[in-house]
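Structure first, commentary second.
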Amino acid sequence: MNAFNPYENGHANSLAFLEAVQKRGDPLIVPALILPEIAAAVARATGDSTGAWEFAQAAAGLSNVTLVSITPAVARLAAQLASDYRLRGADAVYVAVARRYATTLVSRDSEQRTRGEAVVPCQTPEEALAT
């Protein structure tokens, strides 16, 4: 969400990471949970609920984005990871999706990365840009 709020530390690097991924056409595999998180982050930062909704819809429509439903299997995996690694609920969903699809979790959230790295490779946007 850091890439969507220009007032947060690290915003420029997070945005550069997303732009590079989009330019290269790299797949982004994310839980469908990302849509309300995007809408909330944009609306809270800008006060523009219509723009936030449109932005979330545009993100969902990108050709390289795969939205993963939170099925009962994903929910159970996330619950297991949350309890085993003391992850917050939403953080566990992101880690579960990364694990299920054998991909790297890119996040600025240090707690999510620290606890999630026991399960999947984790990087900051800067680290991901460098690789």
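The values are calculated or read from the model by the stated rules, or taken from the named source; none is laboratory data. Model, not experiment: these values are computed from the prediction. Cβ sites come from the backbone with ideal geometry, for glycine too, and all protein chains shown count toward neighbours.
Some points to look at:
- Conditions (1) in a helix (DSSP H, G or I); (2) more than 14 Å from the chain's Cα centre (by Cα): number failed by Ala92: (2)
- Screening the candidates Gly61, Gly89 for the property of being more than 21 Å from Gln123 (Cβ to Cβ) and modelled with pLDDT under 95 yields one hit, Gly61.
- Unique match (being aliphatic (A, V, I, L, M), surrounded by 15 or more Cβ atoms within 10 Å (Cβ to Cβ), under 20 Å from Asn2 (Cα atoms) and without any contact (Cβ under 8 Å) to a residue 60 or more places away in the chain) among Ala78, Ala60, Ala56, Ala130: Ala56
- Test for Ala98: is it of a type in the set (A, V, I, L, M), assigned to a helix (DSSP H, G or I) and within 20 Å of Leu18 (Cα to Cα): yes
- Residues in segment 29-43 that are more than 13 Å from Ser107 (Cβ to Cβ), at pLDDT 90 or above and of a type in the set (A, V, I, L, M, F, W, C): Ile29, Ala32, Leu33, Leu35, Ile38, Ala39, Ala40, Ala43.
- Test: residue in segment 1-12 that is over 14 Å from the mean Cα position of the chain (by Cα), aliphatic (A, V, I, L, M) and surrounded by 14 or more Cβ atoms within 10 Å (Cβ to Cβ): no
- Out of Val74, Val97, one residue alone is under 14 Å from the mean Cα position of the chain (by Cα) and modelled with pLDDT of 95 or more. It is Val97.
- Residue selected from segment 18-28 under the condition part of a helix (DSSP H, G or I) and buried (at least 16 other Cβ atoms within 10 Å of the Cβ), by the criterion modelled with the highest pLDDT: Val21
- Unmet criterion (only one of (1) closer than 25 Å to Glu111 by Cβ; (2) buried (at least 19 other Cβ atoms within 10 Å of the Cβ); (3) touching a helix residue (DSSP H, G or I) at 6+ places or on another chain (Cβ under 7 Å)) for Leu15: (2)
- For segment 101-111, filtered to residues that are closer than 18 Å to Ala32 by Cβ and either assigned to a helix (DSSP H, G or I) or in contact (Cβ under 8 Å) with a residue 60 or more places away in the chain (or both), the residue that is farthest from the chain's Cα centre (by Cα) is Tyr101.
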